[in-house]
1. Once the other residues with Cβ under 14 Å from the Cβ of GLU135 are scored (Lys, Arg +1; Asp, Glu -1), what is the net sum?
2. Enumerate by residue number the chymotrypsin sites (Phe, Trp or Tyr not before Pro) in segment 1-100 meeting two conditions: DSSP loop (anything except H, G, I, E, B), and at most 14 other Cβ atoms within 10 Å of the site's Cβ.
3. Just to check I understand the Karplus step: with θ = phi - 60° and J = 6.51 cos²θ - 1.76 cosθ + 1.60, what whole-Hz values come out for segment 50-55, glycine and proline as x?
4. Which number gives the lysine pairs in the chain that have C-alpha atoms under 14 Å apart and are eight or more places apart or on different chains?
5. Sorting GLU137, GLU16 on the 10 Å Cβ count, fewest up front, what's the list?
6. Taking the C-alpha atoms of the chain, how large are the radius of gyration and the largest Cα-Cα span, Dmax, in Å?
7. How far is it, in nm, from the label point at LYS11 to the one at THR38 when both lie 7 Å from their Cα along the line to the Cβ?
8. Using the beta-carbon distance between ALA110 and GLN20 and R0 = 22 Å, what value does 1/(1 + (r/R0)^6) give for FRET efficiency, to the nearest 0.05?
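Quick note: the coordinates plus some simple rules give every number you see, no bench work behind them. As the structure is a prediction and not an experimental result, all values here were calculated from the model. Counting neighbours? That spans all protein chains shown, and the Cβs are built from the backbone with ideal geometry, glycine included.
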Amino acid sequence: GTVVLGLVGSKLPGIEYDIQKNEAAYRKELVLGEDDATRAKPDQVDFLFDDVRKIHFKAYLHYFYFNMAKWSYLQGMVIVPYFALGPTIITGAITLGVVSQTVRAMGKVAESLQYIIRSWLKIVELVSVYKRLREFERRILAAESTTLET
C-alpha cells in the first residue's frame, strides 16, 4: 500500500516546487514594481498570476486523487483483518475475544507501517524545499564560475 501511494503521490513534490517558484516570481515582480515604474506592468503581473493560479489548480487536482487513494487505503486496512479471519470466524473455531485481540494486533502493525503515508504531506514539503535549495546552490556556483572566468 505504501508503495502504491508513493507512486500516486510522486508528482506532488514537483508541483509544490513549481508553486514555490511561481509564487516567488510573482512576489519578486511586485516588489520590483514598487521601486521601478517599468516593472510590474499589468500584462506581466496578470501573466505571472495566471501561472500561480494554474499551478494551484493542478495541485488541488493531484492532492485530491492522492487523498482519495490515501483514505481509501486507510479505510480498507480496517477490514483486512476480518477478511483474513473470515474462514475461521465462519467455522466458529475462534471466539470473539481472540478475534478482537487479533484485529487490534493487526491494527497496530498496520498503523506502524502507515507512518510514511500519514507524513506524506510533510515529506512533499521537505522535498520541494530541498529542490529549491539545490537550484539556488546551482545558480550560486554558476555565478561564481562565470566570475572566475572573467
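1. Combined, the nearby Lys, Arg, Asp and Glu give +3.
2. Listed in order of number, the matching sites amount to none.
3. Per residue, the Karplus-derived 3J(HN,Hα) values read 4, 4, 4, 5, 4, 5 Hz.
4. Values: LYS11/LYS58; LYS11/LYS131; LYS21/LYS54; LYS21/LYS131; LYS28/LYS41.
So the count of such lysine pairs works out to 5.
5. Details: GLU137 10, GLU16 23.
Ascending Cβ contact count within 10 Å gives the list GLU137, GLU16.
6. 24.7, 84
7. Each label point lies 7 Å from its Cα, and together they span 4.0 nm.
8. Numbers: r = 34 Å, r/R0 = 1.53.
Working from the Cβ atoms, E equals 0.05.
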